[in-house]
Each structure stands twice: as C-alpha cells, then as structure tokens.
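Heads up, the thing below is written out as structure tokens.
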Amino acid sequence: MVESIIKMQAITPLPQTPDYVKGVTNLRGSVLPVIDLRTRFARDPKEDTRQTRIMIVTMGNIKAGIIVDAVSEVLRVADDSVEPLPPMINSVDSAFLKGIVRLGKIDSSSCWN
C-alpha cells in the first residue's frame, strides 16, 4: 500500500545490512528504512535524477521507503483486480509481491530503462 511519494532526501547508511538497504531516512519525525529496488532486483545501478522518488509504503505492519527511478501516475486499484503472480515469477525474491494488475497492453521497451 503506497502511503505517499516524496522527492529524494538524505539517507543515513546502516552498517551490516543487505546491499539493497540504503539506510534510514527521517520522514516527519519517523525513522524509516529505505530500500533500493534496482539493487534488490539485481538491475544496473543508476544515478539519481530529478525524477527519482522515494515511495513510502506499508507492508503489513512495516512502513518503509522504496527508491524508484520515477513515478508517472498514481492509481487506486481494487483488491479484487489483483491477479496472482504467474508461476514463473513466484520465487523467494518475489515473496513480498502480492500480485499483478493488468491495465492494458504494456510496452516492454519502457520497463527498466
């Protein structure tokens, strides 16, 4: 569940954490862990740009920030429109994914630029 989307801000590194945990940030008095999705999904690193954002998400009872390259649109999605992940995607690495939502034809050339 996405709570908010903020511009990049100071992130304090933490020792002895996985490489995809970039550290913690202070959001309105709350200290939140920040995860880099590019690193988590073993994608090539990319310099932050003016479009880089931190999505504040709630997963169960955990609130965290997730670094993304950009946000182009925000949608409300009904729970019943979330489909299970295809078997080829189900793995340990996808354990935190609930499912997928089909919004129409996807141009695969725009994914992970």
Stretchable slack from Lys7 to Val82, in nm (0.36 nm times residue separation minus alpha-carbon distance): 24.2 nm
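Roughly how many debye, to the nearest 20, is the charge dipole of the range 2-106 about its Cα centre, given +1 on each Lys and Arg Cβ, -1 on each Asp and Glu Cβ, and no other charges? Working shown, then result.
Working: 14 positive and 12 negative charges, 46 e Å.
About 220 debye.
Values in this text are rule-based calculations from the coordinates and carry no lab data. This one's a predicted model, so the numbers in the text were calculated from it and none came from an experiment. Cβ: placed from backbone, ideal geometry, glycine included. Neighbour counts: every protein chain shown.
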